[in-house]
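Reviewing the structure listed below.
None of the figures in this text is laboratory data; all of them are computed from the coordinates on show. Only a predicted model underlies this, so the values are computations on that prediction, with no experimental measurement involved. Neighbour counts are summed over all protein chains in view; Cβ atoms, including those assigned to glycine, are modelled from backbone coordinates with ideal geometry.
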Amino acid sequence: MLLGTLAKLWLALAVVLAGVAAAPAAHAAANPYERGPDPTDAILEAARGPFETSRTEVPALSVTGFGGGTIYYPATTSAGTFGGVAVAPGYTADRTSLAWLAERLASHGFVVFNIDTLTRLDQPDSRGRQLLAALDYLTQRSSVRGRLDAGRLGVMGHSMGGGGTLEAARDRPSLQAAVPLTPWDLTKIWSGVRVPTMIVGAEADTIAPVASHAEPFYQSLPSSPGKAYLELNNATHFAPNVPDTTIGKYVVAWMKRFVDDDTRYTRFLCPGPSGGLTVEEYRSTCPFS
C-alpha cells in the first residue's frame, strides 16, 4: 500500500516537472526569434544592449554593387540565428556617420552591415540598390552568414540613405522592416511600400524639411502592415549622426518588433512617446497587423 502511494506521488511530481520544463519550449516555439531579456526603458535607453558584439571589415574591392563596409554582430553562438539589417549613409557621408547606431543595434541581437556607398554622391535610387546588394552579400557570401536568418531582414539609412531605404523597401517587399532617418528623396509618394516602416524626422531640419519630406513620405505609406512617424524635437538633419537616446531606443524597438516579430516591444511603439523634451510628435497605425 505504501509503495503504491509513493509511486503515485512520484508520478504526479514527474508530470508537474515535465510541465515546467515544457513551458519555456512552448514559449520559444510560439516565437523562436526572441533574443535577449524582457525589454525595459532602461535597457533600450542604454548606450549598449545585452549582447557583446564583434565586427568584421569588408573591403570595397572584395564586393560588387556597393562600397564595402563593417559588419557588427553578436559575439555569442549559443542564441540561435539573428535578423540582419543593412545601413546606408547620407549624401557625401561614409559609414562612420552611422557606426554608433549600427553597433548599438547589433548589441540588441542583430547582424548589422554598415556600408559605404560606391561614391559619396550616389542618389537615393542607387543607395536603395546598394542596400539590397549588401543584404545579398551578407546572407550569401559574408563570413557571418551562418549567424543569420536570411528570411528576417531590414534596411535603414540617413538622408539620401533614408530615401534609399524607402526605395529598397518598395523594390523588395519581402523585407521585414525599414527605418528612414531624416530621409531625402525627390519621390514623394510611397504607396507601393509593403514593408513596416518607421520614418524619423527632425523638427529643425532645413536640408530635408519634414513638411516636404518625412511627413508626406509617412502619409503616403499604406497603413498595413504598419507604419510610424517619429519627429525629433528641435533636432537638425544631422541628428542621426551622433549618439542619440531617442533614435536608438525606437530604432531598436521597431527592428525587434518587425524583424524578430517580438511583440514584447509593441508597448514601446503603441501608443509610443507622447512628446516631451526629445519628441515633437509621434504617429502610428497601432495596433499593427
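Mind jotting down the distance between the C-alpha centroids of region 222-289 and region 85-155, whole Å? Taking the Cα centre of region 222-289 as reference, the centre of region 85-155 is 20 Å away. The protection proxy used here, the mean number of other Cβ atoms lying within 10 Å of each residue, ranks peptides 117-123, 217-223 as follows, highest first: 217-223, 117-123.
Ordered by the count of other Cβ atoms within 10 Å of each Cβ, fewest first, I43, I115 give I43, I115.
Just checking the listed ones, G68, G163, G154: in the Gaussian network model of the chain with Cα springs under 10 Å, the one fluctuating most is G68. Ranked by how many other Cβ atoms sit within 10 Å of their own Cβ, fewest first, the residues K188, K256, K249, K227 fall in the order K188, K249, K227, K256. Using the Cβ-Cβ distance between S223 and A47 with R0 set to 30 Å, the FRET efficiency from 1/(1 + (r/R0)^6) comes to roughly 0.35. Local charge for V193 was computed over the other residues whose Cβ lies under 14 Å away, with Lys and Arg +1 and Asp and Glu -1, and equals +2.
Helices meeting the span-like rule in the chain (full DSSP H runs, Cα extent of at least 27 Å along the helix axis, mean Kyte-Doolittle score of 1.6 or higher): 2-30. Compactness of region 35-284 was expressed as the Cα radius of gyration divided by 2.2 N^0.38 Å, which yields 0.90.
Among L148, L138, L61, the order by Cβ neighbours within 10 angstrom, fewest to most, reads L61, L148, L138. In this Cβ point-charge picture (+1 for Lys and Arg, -1 for Asp and Glu), the chain has a dipole of about 780 debye about its Cα centre.
Within the listed set G65, G90, G157, the Gaussian network model of the chain (springs between alpha-carbon atoms below 10 Å) gives the highest mean-square fluctuation for G65. Our summary gives the chain a relative contact order of 15 percent, counting only alpha carbon pairs under 8 angstrom and 6 or more residues apart.
Straightening the chain between E281 and Q140 buys 46.8 nm, computed as 0.36 nm per residue apart minus the Cα-Cα spacing. The residue among I207, W254, W184 whose Cα reaches farthest toward the positive pole of the charge dipole of region 153-289, with charges on the beta-carbon of Lys, Arg, Asp and Glu, is W254.
Pick from V58, V200, V251: which residue has the top mean-square fluctuation in a GNM of the chain where Cα pairs under 10 Å get a spring? Most flexible of the set in this elastic network: V58.
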